[in-house]
Structure formats: structure tokens, C-alpha cells
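Please see the structure below; I have some questions.
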Amino acid sequence: MSNKVYDELIAFIREHYQSKEAIPLHAPCLGQTEKKMLIDCIDSTFVSSVGKYVDQLENQIAAYCGVKHAIAVTNGTLGLYLGLRLLGVQPGDLVLTQSLTFVATLNAVKMHHADPYLLDVDENNLGLSAQKLAHFLENETRIEDGECIHISSGKIIRVCMPMHTLGFPAEIDRICKLCRQYGIAVLEDAAEALGSRYYERHLGSFGDIGVLSFNGNKVITTGGGGMLLTDSDELAYEAKHLSTTAKMPHAWLFEHDEAAYNLRMPNLNAALGLAQLAKLADFLKEKRLLASEYQHLCASFEEFDCLPAPQNSQPNFWLNALRFPSKAERDEFLEYTNKRSIQTRPLWTPMHLLKPYQSTLRDHLPVTEQLAEQIVNLPSGVRCV
Ligand SMILES: *Cc1c(COP(=O)(O)O)cnc(C)c1O
């Protein structure tokens, strides 16, 4: 059975990508400059964790994001793991975060033998709800010896980890202010948010630490990679130290003052990242144009809405999103488009519905559960010519 509205949207997507083939959700765009940088890197023989491209990528990302320090790591997941370690998360702690996220957010908590506490998201930006956070802190915690304690479990809350969903900014200014009042550090999962700004300020630069991902499906890629962002000299020093096996600086001695992984991004990946970063402004321009065209098209349909940019924000539109009135209609659209080789997909299954996180402590999650049933992501990658 054909659907005129869906066909119109599909025709627009095919026209935009100038393609009759399968259209992916978000493929990386790699070209001659990426090849050249990789060859340069190979010729230099510095292909591993030491090399000038890693330092250059760190400096350029720090400048772009408006933070004092950027520390390159092997991927976003381990960046979150390291960020939690730097902020002092201990086994048995609770870490405040959202159920509507990619599983890496929660896995990073579990790697510390700590437990997530799941809060609902904000309908307007899909990120951690500042309002629900305020309500939770006010009613379910108390401060004891400067520590924030979750009353019913008795567990300590040292860190809150909001995630900027699809590159839309959560109300991060409000979240940071609340957390400061309760002595809780903020780790922004900004894995999807490179290029996104809130009140002109780059996401990941509001909290104590922010983490970016450069996985193959993100706005720019290093193959695999991530970056910690921070304004703190002390946290930056520790991040570099703990991501390089905690080796004490010395010309030949191997001395390590803590047990720590090698989490350093290899130079090869950084070389790729530099070539990609040089194209970021063009990528963002194109992604924002596509988003406005999707919005324009959506305005003429009643079957679904396009999620608009939240107030005071300039999102990267990593993935554009449609919202349907019901799960049944949403599923029909997923079926219809994927059958026609247009890759569309729902948001992640909420974390509290996944096997490893079913018994996770949580607040009521009505917005999370509704959004997870109603949203679809549309092809949003840049055209690569
Ligand atoms: C991509 C992503 C990560 C993980 O990044 P990797 O570099 O793939 O490890 C973490 N959190 C969110 C929300 C992500 O989208």
C-alpha cells in the first residue's frame, strides 16, 4: 500500500542525496585530504599514541569548543569512563543520568561498579530534564558532610551525567547550577554534540568535563576516537596522566604511580581527525540547511512533526528527528522507508528496558517512554562529492 506523504518525503530525500541507491542514516564523508593525512602519518612512522597530530587535534578542538584543554582518547565510551574516574566516582555510588541515551553512557558508570539513577528527559530537547532533576534533588536527597546522599538507598551522588541527545542541547546551564548547589560534579556526554551551541557556547564546555565522540557515525570521525574537554588545569593533567598508563615523565625509566589503562588516541586516528575537522564548518552548514528543508517539508504535513531546535540553541542536527502521534504510525513509517532503502531508525530502547539495566533505580519516566515510541531519525549525513 502506498502512502502519498511518505512518498513525498522519500522523493525529497532521494533528490537531496541525488541517489537511487540505499540511503544511509549518517555515512562519513572522507576524501583526498583524509588520504593525504594518513599517508603523511604513515611516512612519519609515528602511527601510534605519540605524534604531532594528536597534539594538533587536541589544540584545535580546545580552541573550537572554547575550553582550556582537550585530551584525546581512544573512543567516547572510554572518555566517559575516564571522566567519571577523574570526578571521583567510587564503587557503590549513584550517578544521575537519563534512560533515553545510547548504552555507552550507562556502561561507563558500570565500569566503576557504580550504579546509574535514571531521570526523565525534557520533551523540548530530549536531554536530561532540569525540572525533574530539581524535583529529585529537593525531595529525594540530603546533604551530609558536604556529600549528596540519595535518601532511600543511602548511596552517594558525586556526578550527574546529562546527555545532549542527537546534538540538541539539554538545559545545561540550569543543570550545572542545580548540581553546584548540591555539591555534584557535571560530566556532559556530548558525544553527539560536536558543533552544537547553547547561548553561543559549545556543548561539553559547561560541565566540569565534557566528552565528544568521533565514531564513524558522528558529525566528524577519527575512525574511533573521543575527546575530553575541561577548563581545569588539574583535571586536564590527570586526564593525560591516567590515559597514558599513569607513567611518570622520565627519559627512560618506566615508573607508574597508579593502575591505569592506555586510553590515548593513536596518531593515525588524529591525522584523520584533523582532515575531518577542517571540513566541520562546511558539514555543519550543510546539515543545518538540510534540517531547515526537513522542517519546511514537515510544516506541510499533518502526519508527523519535525523536532525543532530548542530555544537559544544552534544544534548540529547530527540526526534529524520526526515525531509521530503513536507507535503504530511510527512503526509503519519505519517499515515503509526501510523497505524502500531509506535508512530510518527509532531512538535507542530506553535503558531501563534493557536486560542489564532493568532493575536500575529510577524516577518515573513518562516522557522517555513516550518519545522512545514516537521518534524516528531520518538520513542526515552530508553529501560527499
Ligand atoms: C556515540 C556515543 C557514545 C560513545 O562513543 P564511542 O566513541 O562510540 O565510544 C557515548 N554516548 C553517546 C550518547 C553516543 O551517542
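Just to be sure, is F168 touching a residue at least 24 places away in the same chain (Cβ under 8 Å), touching an Asp or Glu at 6+ places or on another chain (Cβ under 8 Å) and among the aromatic types (F, W, Y)?
It is false that F168 is touching a residue at least 24 places away in the same chain (Cβ under 8 Å), touching an Asp or Glu at 6+ places or on another chain (Cβ under 8 Å) and among the aromatic types (F, W, Y).
Now for a different question. State all residues of the range 1-43 that are without any contact (Cβ under 8 Å) to a residue 60 or more places away in the chain and small (G, A, S); if no residue qualifies, say none.
Hits for the range 1-43 are S2, A11, S19.
Hey, can you tell me all the residues within the range 358-371 that are part of a helix (DSSP H, G or I) and over 15 Å from D305 (Cα atoms)? Walk me through it before giving the result.
Initially, the range 358-371 is screened for residues part of a helix (DSSP H, G or I), giving 366-371.
Once the filter is applied, which keeps residues that are part of a helix (DSSP H, G or I) and over 15 Å from D305 (Cα atoms), the range 358-371 yields P366, V367, T368, E369.
Here's the yes/no breakdown for (1) surrounded by fewer than 19 Cβ atoms within 10 Å (Cβ to Cβ); (2) under 13 Å from G76 (Cα atoms):
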site	(1), (2)
P169	no, no
K177	yes, no
A185	no, no
Y199	yes, no
L212	no, yes
P249	yes, no
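In the range 21-60, which residues are loosely packed, with under 13 Cβ neighbours inside 10 Å and touching a Ser or Thr at 6+ places or on another chain (Cβ under 9 Å)?
Within the range 21-60, E21, A22 qualify.
Any idea which residue in the range 207-230 is farthest from the ligand (Cβ to nearest atom), counting only those that are assigned to a loop (DSSP other than H, G, I, E, B), under 22 Å from N267 (Cβ atoms) and not β-branched (V, I, T)?
Only one residue fits best here, namely G223.
Show me the strands (runs of 3 or more DSSP E) found entirely inside the range 119-206 where at least 2 residues are at pLDDT 95 or above, away from the ligand (no atom under 16 Å from the Cβ) and under 21 Å from R323 (Cβ atoms).
Of the strands (runs of 3 or more DSSP E) lying wholly inside the range 119-206, none has at least 2 residues that are at pLDDT 95 or above, away from the ligand (no atom under 16 Å from the Cβ) and under 21 Å from R323 (Cβ atoms).
Might you let me know whether the range 89-102 holds any residue that is within 12 Å of the ligand (Cβ to nearest atom), assigned to a helix (DSSP H, G or I) and touching a strand residue (DSSP E or B) at 6+ places or on another chain (Cβ under 8 Å)?
Here is the first cut: in the range 89-102, the ones within 12 Å of the ligand (Cβ to nearest atom) are 97-98, 100-102.
Retained after the next criterion (residues that are assigned to a helix (DSSP H, G or I)): none.
No, there is no match, as no residue in the range 89-102 is within 12 Å of the ligand (Cβ to nearest atom), assigned to a helix (DSSP H, G or I) and touching a strand residue (DSSP E or B) at 6+ places or on another chain (Cβ under 8 Å).
Quick check on V73: is it touching a strand residue (DSSP E or B) at 6+ places or on another chain (Cβ under 9 Å), within 15 Å of the ligand (Cβ to nearest atom) and within 19 Å of Y357 (Cβ to Cβ)?
Values: touching a strand residue (DSSP E or B) at 6+ places or on another chain (Cβ under 9 Å): yes; within 15 Å of the ligand (Cβ to nearest atom): yes; within 19 Å of Y357 (Cβ to Cβ): no.
When the stated conditions are applied, V73 does not pass them.
Across the range 338-355, which residue is surrounded by the fewest Cβ atoms within 10 Å (Cβ to Cβ) among those that are assigned to a helix (DSSP H, G or I) and in contact with a Leu (Cβ under 8 Å, 6 or more places away or on another chain)?
First, the residues of the range 338-355 that are assigned to a helix (DSSP H, G or I): 338-339, 351-353, 355.
Of the ones still in play, those that are also in contact with a Leu (Cβ under 8 Å, 6 or more places away or on another chain) are 351-352.
Details: M351: 25, H352: 19.
Once the filter is applied, the top-ranked residue is H352.
The values are calculated or read from the model by the stated rules, or taken from the named source; none is laboratory data. Treat the numbers as computed from the prediction; the structure is a model and nothing was measured. Every residue, glycine among them, receives a Cβ derived from its backbone with ideal geometry; neighbour counts consider all protein chains shown.
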